[in-house]
Amino acid sequence: MAQQSDARTGPGGGRHRVRPPRVERPAARRVVGASEAVTGAPSIDLACINTIRTLSMDAVQAANSGHPGTPMALAPVAYAVWQRYLRFDPEDPIWPNRDRFVLSNGHASMLLYSMLYLTGVKAVNAQYERVGRPSVTLDDLKRFRQLDSKCPGHPEYRWTSGVETTTGPLGQGVATSVGMAVAGRWMASYFNRPGYTMFDYDVYAVCGDGCLMEGISNEAASLAGHLRLSNLCWIYDNNHITIEGNTALAFSDDVATRFVGLGWNVTRVGDANDLEMLSRAIDVFRATSDRPTLIIVDSHIGWGAPNKQDTSAAHGEPLGEDEIRAAKRNYGWPEDAKFLVPSGVREQFAGGVGKRGRALRNEWMATFKRYRKEFPQLADQLDRMQHRRLPEGWDRDLPVFPADPKGLASRDSSGKVLNALAQNVPWLIGGAADLTPSTKTRLTLEGAGDFEAGAYGGRNLHFGIREHAMGAVLNGMSLSKVRPFGSGFLIFSDYGRPAIRLAALMEIPVVYVFTHDSIGLGEDGPTHQPVEQLPSLRAIPGLVTIRPGDANEVVEAWRVVAQLRHEPALLILSRQALPTLDRTKFASAKGLARGAYVLVDASGAKAKPEVILIGTGSEVSLCLDAYQRLVASGVRARVVSMPSWELFERQTQRYRDTVLPPEVTARVSVEQASTFGWERWVGSTGAAIGMRTFGASAPIKDLVRKFGFTVDAVVAAALKQLGRAGRAVPAKAARRPASKGPATKKAAPARKASAAQGRATGGRRRS
């Protein structure tokens with residue numbers, strides 16, 4: 001029987017934990033015979049389960065690649081969840097109030113693909129429209145892991161309908177499921193009304209030993225327990241096998257006690273083949289209203305394979321034809337049949353999950369029709385949210401910042417813009433990894449509140465010091481169609497990078513707000529000064545990075561990211577103040593939407609620049625100071641603000657050539673980050689002023705001098721470029737001290753403000 005551990009309230013409100021039995025390795029068993037394959041299962045249930053097993057074995061063998069053992073072990077678990085409980089309509093796999101099923105141990109992908117095929121899940125397109133064709137066909141199963149098959153090696157969201165999230169990197173799936181549960185609770189609080197339950201879905205996530213070894217799973221489980229997400233159930237496949245062998249080599253956690261300590265309800269199923277025990281455990285989950293549930297399922301990897309069951313040989317390689325025949329013989333299956341789906345199997349699923357899901361969806365749609373009449377504004381918002389469309393007038397309150405030589409830190413201007421945007425986009429919610437006061441990402445508008453256990457309507461989330469889990473939770477929220485943002489210091493993006501990468505792979509519009517973007521944070525030193533992070537993040541395909549140069553570029557950056565539907569975006573923001581440019585003298589900040597634009601040019605409508613200075617973020621104003629020195633010396637200079645490489649790359653070649661004319665080879669880029677990649681824009685002969693070492697602990701004014709982020713350094717690089725291009729170097733430009741020029745005088749207040757507010761750069765040697 002399923003064992004339940006619980007937390008009980010003692011006299012005086014004290015909490016007493018009932019310690020569950022220690023998780024022990026299951027005793028060795030003889031290999032299954034046909035008559036005992038699944039405890040207490042009617043023949044049709046057994047036929048369905050063995051169909052899942054044999055399809056998985058056959059697909060892996062046909063591909064000569066994959067993981068057959070876990071699908072063979074967990075087929076009864078998947079069958080029990082889908083056939084008996086999952087509120088899911090195969091005809092409409094994106095129905096908003098469906099239960100979510102996440103296969104966190106994504107290497108067992110054939111388990112999920114078999115379910116998608118056998119239940120007849122239909123495909124949807126990028127516009128969230130049902131297209132009528134199957135999501136997965138038998139031919140797709142036969143072409144498992146082959147080019148263009150809907151059954152890639154690991155489940156991929158957007159590629160295969162019915163896959164709720166991309167999994168494979170262990171731990172990511174369970175952490176993402178926490179975000180789905182968070183979104184479910186928030187949407188229920190926001191949309192539900194008396195008599196109208198628009199959201200009450202549950203989230204099931206299957207995981208293995210590897211998932212629970214990964215640190216992200218503990219981060220996510222800790223957060224889920226703290227938030228008491230009772231709509232969340234993790235099913236732990238306790239098979240004690242990894243690639244290297246038995247988990248005893250590296251893993252001896254008392255998992256049950258660990259999760260009780262994290263605030264979870266824990267149940268135990270001693271035999272993965274016992275459908276009734278599995279059902280009782282799921283019933284415990286559904287009856288639990290004050291915490292998430294972990295179901296520990298003892299299983300045997302490669303169930304039924306006479307020579308490979310309970311061994312690592314069943315994990316990550318085909319079983320081999322002889323072993324497959326022997327396993328099928330143990331199942332009472334035709335030994336030489338391949339990809340066999342016996343009569344009645346698909347009909348059984350149609351009469352179970354198919355019939356139940358269709359009825360529940362139809363009921364929900366009928367309720368939504370009435371809901372639309374009584375609550376038209378909420379219904380419109382729900383519909384827009386599900387299709388990733390913004391409300392009418394979403395940008396009407398975005399500010400315009402007046403010119404100001406002292407300016408604002410871009411984190412501060414971002415906070416103002418974020419609150420203006422959130423006022424008109426009610427499903428824009430998020431928070432920080434314990435850094436909201438520093439990242440300026442708290443929503444302060446009326447009624448925003450905090451998302452807390454038992455009070456799930458707040459729009460401010462507190463992720464704690466859990467950057468990796470935060471990224472995955474944001475992914476789960478986005479997959480549920482709320483619009484999430486998360487924030488932290490740019491240096492700590494390293495902790496969340498795997499989740500950021502998955503957001504890009506899934507093409508979901510998560511927004512990351514990373515502040516303290518350079519050596520400009522000063523005295524904290526090189527441990528906190530990001531150097532290589534910017535180029536590293538730019539290297540992720542499909543990720544939009546934006547480093548705005550002043551407050552009005554921040555406005556336009558938010559305007560861009562708010563409209564993204566299929567890309568995640570990063571805002572890279574400063575701690576130190578940036579001058580707010582006078583847009584009557586310089587080009588409009590709306591140019592940011594094109595990734596790069598000419599901020600100011602050589603005088604004269606037809607004057608062609610001799611040298612181009614390219615800056616991002618805090619270095620844009622530095623480029624402008626250098627520009628004034630050069631122009632005063634008779635040099636035809638151009639300043640290009642390039643806040644986003646990715647957006648610029650999307651423009652036509654014609655536009656890119658107007659910003660960076662190919663014939664102008666004298667180019668200088670300036671950015672307080674690693675110079676890696678800037679040769680793309682400055683050319684092989686251009687100059688890139690940036691970081692080639694780590695930073696150092698010192699006030700900003702000392703750091704910018706040490707690392708060459710000065711007007712003198714930029715002017716010198718520009719003149720060198722002119723000399724390289726064969727242009728005579730103006731002597732007065734080369735000799736003019738930075739402290740005497742009008743440009744430097746004009747910029748001095750901004751630098752003084754920067755030194756007071758932020759702290760800059762670092763590095764042991766001059767870069």
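The numbers here are math on the coordinates, done by the rules we state, and not lab data. Here the structure is a predicted model, which is why all the values come from computation and not from measurement. All Cβ positions, glycine included, derive from the backbone under ideal geometry; neighbour counts span all protein chains shown.
Taking θ = phi - 60°, what integer Hz values does the Karplus form 6.51 cos²θ - 1.76 cosθ + 1.60 yield along segment 365-370, in sequence order, with x for Gly and Pro?
5, 5, 5, 5, 4, 5
May I ask what percent, to the nearest 5, of DSSP beta bridges between residues of segment 404-577 are antiparallel?
10 percent
Which order, highest average first, do 404-412, 383-391 follow once you tally other Cβ atoms within 10 Å for each residue and take the mean per peptide?
Values: 404-412: 22.0, 383-391: 15.8.
Output ranking for 404-412, 383-391: 404-412, 383-391.
Using the Cα atoms of segment 433-505, I'd like the radius of gyration and the largest Cα-Cα distance, Dmax, both in angstrom.
12.4, 36
What spacing in nm lies between the two simple spin-label points modelled at Lys608 and Thr693, each 7 Å away from Cα in the Cβ direction?
4.1 nm
For Glu321 and Asp139, what does the FRET efficiency come to when R0 = 35 Å and r is the distance between their Cβ atoms, rounded to the nearest 0.05? Write out the running numbers ahead of the final one.
Working: r = 21 Å, r/R0 = 0.60.
Efficiency computed from Cβ-Cβ geometry: 0.95.
Can you give the charge dipole size of segment 404-577 about its Cα centre, rounded to the nearest 20 debye, using +1 on the beta carbon of Lys and Arg and -1 on the beta carbon of Asp and Glu? Mind showing how you got there, number by number?
Numbers: 16 positive and 17 negative charges, 77 e Å.
Approximately 380 debye in magnitude.
Subtracting the Cα-Cα distance from 0.36 nm times the residue separation, let me have the gained length for Thr665 to Ser279 in nm, one decimal. Intermediate values should be presented prior to the final figure.
Numbers: separation 386, 0.36 × 386 = 138.96 nm, distance 7.00 nm.
Gain on stretching Thr665 to Ser279: 132.0 nm.
Ranked highest first by the average count of other Cβ atoms within 10 Å around their residues, in what order do 95-102, 186-193 fall? Provide the component values of the computation, followed by the final result.
On the way: 95-102: 22.6, 186-193: 18.5.
Put in order of decreasing packing, that is 95-102, 186-193.
Step through the residues of segment 586-597 one at a time and calculate ³J(HN,Hα) from phi using the Karplus curve (6.51 cos²θ - 1.76 cosθ + 1.60, θ = phi - 60°), rounding each to whole Hz and writing x for Gly and Pro.
So the J values, rounded to whole Hz, are 10, 4, 4, 5, 4, x, 4, 4, 9, x, 8, 7.
Hey, can you grab everything whose amide H is under 5 Å from the amide H of Asp274? Only 5+ residues off in sequence or another chain; H modelled, so Pro and N-termini drop out.
Counting only residues 5 or more places away or on other chains, the set is Thr39.
For the chain, what is the percent of antiparallel DSSP beta bridges, rounded to the nearest 5?
Antiparallel: roughly 25 percent of the beta bridges in the chain.
Express in nm, to one decimal, how much length is gained between Asp397 and Ala250 on full extension, taking 0.36 nm for each residue of separation and deducting their alpha carbon distance. Intermediate values should be presented prior to the final figure.
Numbers: separation 147, 0.36 × 147 = 52.92 nm, distance 5.51 nm.
Using 0.36 nm per residue and subtracting the Cα-Cα distance, I get 47.4 nm.
Once Cα Rg over 2.2 N^0.38 Å is worked out from the coordinates, which option in (i) 0.94; (ii) 1.22; (iii) 1.07 does it equal?
Correct label, based on the coordinates given: (iii).
Could you tally the net charge around Leu170, taking each other residue with its Cβ under 10 Å from the Cβ of Leu170, Lys/Arg +1 and Asp/Glu -1? It would help to have the intermediate numbers written out before the result.
Values: positive: none; negative: Asp209, Glu214.
Once all neighbours under 10 Å are counted, the net charge is -2.
Provide the FRET efficiency to the nearest 0.05 for the Ala453-Asn192 pair, computing r from the beta carbons and using R0 = 22 Å.
E(calc), rounded to 0.05, equals 0.75.
If R₀ is 56 angstrom, what is the calculated FRET efficiency for the pair Glu523 and Arg654, using the beta carbon separation as r and rounding to 0.05?
Using R0 = 56 Å, I get an efficiency of 0.75.
Taking the Cα atoms of segment 404-577, what is the range of coordinates along each of the three principal axes, in descending order and whole Å?
That works out to 41, 35, 29 Å along the principal axes.
Can you find, among Gly357, Gly520, Ile52, the residue farthest towards the positive end of the dipole of the chain? Put +1 on the C-beta of Lys and Arg, -1 on that of Asp and Glu.
The residue sitting farthest along the positive end of the dipole is Gly520.
Quickly work out the Asn125-to-Asp200 label distance, labels modelled 7 Å from Cα along the C-beta direction, and quote it in nm with one decimal.
Output for this residue pair reads 3.5 nm.
Which value at 222 nm does the chain reach when only helices count, each DSSP H run of 4 or more adding -39,500 (n - 2.57), with the total divided by all residues and rounded to the nearest 500 deg cm²/dmol? Please report the intermediate quantities before stating the final value.
Numbers: 27 runs with 286 residues, N = 767.
After summing the helix terms and dividing by the residues of the chain, the value is -11000 deg cm²/dmol.
Among 147-157, 421-431, 481-491, what's the highest-first ranking by average C-beta atoms within 10 angstrom per residue?
Values: 147-157: 19.2, 421-431: 21.6, 481-491: 25.0.
Highest to lowest by the protection proxy: 481-491, 421-431, 147-157.
Taking every DSSP beta bridge that has both residues in segment 42-360, what percent is antiparallel when rounded to the nearest 5?
Numbers: 5 of 26 bridges.
The answer is about 20 percent antiparallel.
Among residues other than Ile465 whose Cβ falls under 10 Å from its Cβ, what is the net charge (Lys/Arg +1, Asp/Glu -1)?
Details: positive: Arg466; negative: Glu219, Asp434, Glu467.
Result for the neighbourhood of Ile465: -2.
Relative to the present Cα-Cα distance, how much length would full extension add between Thr367 and Gln563 at 0.36 nm per residue of separation?
Working: separation 196, 0.36 × 196 = 70.56 nm, distance 2.98 nm.
Here the segment from Thr367 to Gln563 would lengthen by 67.6 nm.
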